1. Grab the other residues whose beta carbon is less than 10 angstrom from that of ASP99, score K and R as +1, D and E as -1, and report the net.
2. Could you please put VAL59, VAL79 in sequence from largest to smallest accessible area, using a 1.4 Å probe?
3. Scan region 1-96 for GluC sites (Glu not before Pro) in coil per DSSP, keeping those whose Cβ has at most 13 other Cβ atoms within 10 Å, and list them by number.
4. Please list 3J(HN,Hα) in residue order for region 102-107, calculated via the Karplus relation 6.51 cos²θ - 1.76 cosθ + 1.60 where θ = phi - 60°; whole Hz, with x for glycine and proline.
5. For SER54 and THR28 in the same chain, what is the full-extension length gain: residue separation times 0.36 nm, less their Cα-Cα distance, in nm?
6. Could you list the chymotrypsin sites (Phe, Trp or Tyr not before Pro) in region 5-78 that lie in coil according to DSSP, counting only those with at most 12 other Cβ atoms within 10 Å of their Cβ?
7. Can you give the accessible area of LYS87 in Å² (nearest 10), computed on protein heavy atoms with a 1.4 Å probe?
8. Quick one: accessible surface of SER31, probe radius 1.4 Å, all protein chains present, in square angstrom to the nearest 10.
Amino acid sequence: QVQVVESGGGLVQAGASLRLSCAASGRTFSSYNMAWYRQAPGKEREFVARIGWSVGSTVYSDSVKGRFTVSRDNAKNMVYLQMDSLKPEDTAIYYCNVDAAGRWPPVIGDYWGQGTQVTVSS
């Protein structure tokens, strides 16, 4: 069982930045594929970004590419999502997802955090 805890959400104005953090338990964190998803009110949960265990390869959704950066610190069992140039449409609950098996092609992992709210005002 992997415990996942997100933090760092908040209320900001459009154009501001936020950094989300995700802590995941386990002694083999360096082999986890990690991803961020988000869910806005009345919408389905959508993919935001992923960072793989192998060479830390990253993938982003088109809606955040160039504005968001995902990174990881394997020594601390942490993944981060740096969000710059935030827009009102980025408002959502952001969830961290863990694929502890590090599967390829990447899949949605079995473990989720409780989510952290990000609200961007115009």
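1. +1
2. Working: VAL59 75, VAL79 0 Å².
Solvent-accessible surface, decreasing: VAL59, VAL79.
3. Working: sites: GLU6, GLU44, GLU46, GLU89; in loops: GLU44.
For GluC sites (Glu not before Pro) across region 1-96 that sit outside H, G, I, E and B with at most 13 neighbouring Cβ atoms in 10 Å, the list reads GLU44.
4. Per residue, the Karplus-derived 3J(HN,Hα) values read x, 6, 9, x, x, 10 Hz.
5. Values: separation 26, 0.36 × 26 = 9.36 nm, distance 1.28 nm.
Contour length minus the Cα-Cα distance gives 8.1 nm.
6. Nothing satisfies the criteria.
7. In the full protein context, LYS87 sits at about 80 Å².
8. Here the residue's solvent-accessible area equals roughly 40 Å².
The values are calculated or read from the model by the stated rules, or taken from the named source; none is laboratory data. Remember, it's a predicted structure, so these values are computed and weren't measured experimentally. Don't worry about glycine lacking a Cβ; one is built from the backbone with ideal geometry, like all the others, and counts go over all protein chains shown. The protein model used for the area step is the full one, side chains on, heavy atoms only, and it has no ligands, DNA or RNA in it. Shrake-Rupley method; radii C 1.70, N 1.55, O 1.52, S 1.80 Å.
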